[in-house]
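Take a look at the structure set out below.
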Amino acid sequence: MSTEQTETKTTEDVLKAFADVPSQPPATSNVMPETDPNLSFEQRILAYLSKRKGQTVRINDFLKSLYPASKIPGLKPEWYQGHESKRLGRIIGKMAEDKIIEPINDLYKDLGTFYYEGEDPRTKYHNLNTVIVEVKVL
């Protein structure tokens, strides 16, 4: 067996040791504005579209990326729900009114509206999987 003696350090010793270490400048955030969770949905959508002025863009996948992935297996993502789809439709409509975008068609207005599929009596809601949202950035 070896007998090692451990050196006990006081708080002052530790603070002195860290005082001699050069400090690093604070790390800058590498988060792109369109993925920054601290911004509102509208701000993130604007940041995404501002890089695409004059282009026609299908924004379904981007809108889906604004929501966190479900951590519970079998649970549908939040954007799949009727009330969230309706909210996205209102956001797109507001941006169209403000002349930020020009929707290629009016399908975005169907987001969150109900429909029936075939013989299935259950109500389903249009979401980003059933409606193609394509806009021209002004």
Of those in region 69-80 that are farther than 19 Å from Arg122 by Cα and surrounded by fewer than 10 Cβ atoms within 10 Å (Cβ to Cβ), the residue farthest from the chain's Cα centre (by Cα) is Pro73
Taking only pairs six or more apart or across chains, which ones have beta-carbon atoms under 8 Å, a first residue in region 119-138 that is in contact (Cβ under 8 Å) with a residue 60 or more places away in the chain and closer than 16 Å to Ala96 by Cα, and a second residue that is part of a strand (DSSP E or B) and of a type in the set (Asp, Glu)?
Val135/Glu102; Lys136/Glu102; Leu138/Glu102
I'm told Lys64 meets every condition in (1) in contact (Cβ under 8 Å) with a residue 60 or more places away in the chain; (2) basic (Lys, Arg); (3) exposed (fewer than 15 other Cβ atoms within 10 Å of the Cβ) except one. Can you identify the failing condition by its number?
(3)
Count - residues of region 81-138 that are hydrophobic (A, V, I, L, M, F, W, C), crowded, with 17+ Cβ neighbours inside 10 Å and in contact with a His (Cβ under 9 Å, 6 or more places away or on another chain):
1
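Pick from region 89-121 the residues that are of a type in the set (Gly, Ala, Ser) and on the phi < 0 side of the Ramachandran plot: which of them is nearest to the chain's Cα centre (by Cα)? Let's see the steps before the verdict.
Kept after step one, since they are of a type in the set (Gly, Ala, Ser), are these residues of region 89-121: 89, 93, 96, 112, 118.
Next, from what is left, pick out any that are on the phi < 0 side of the Ramachandran plot: 89, 93, 96.
On the way: Gly89: 16, Gly93: 19, Ala96: 20 Å.
Selected residue: Gly89.
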Take Lys86 and decide whether it is over 19 Å from Leu46 (Cβ atoms), among the charged types (D, E, K, R), in a helix (DSSP H, G or I) and under 19 Å from the mean Cα position of the chain (by Cα).
yes
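Every number in this text was worked out from the coordinates using simple rules, so none of it is lab data. Since this is a predicted model, take the numbers as computed values, not measurements. Glycine also receives a Cβ, built like all others from the backbone with ideal geometry; neighbour counts cover every protein chain displayed.
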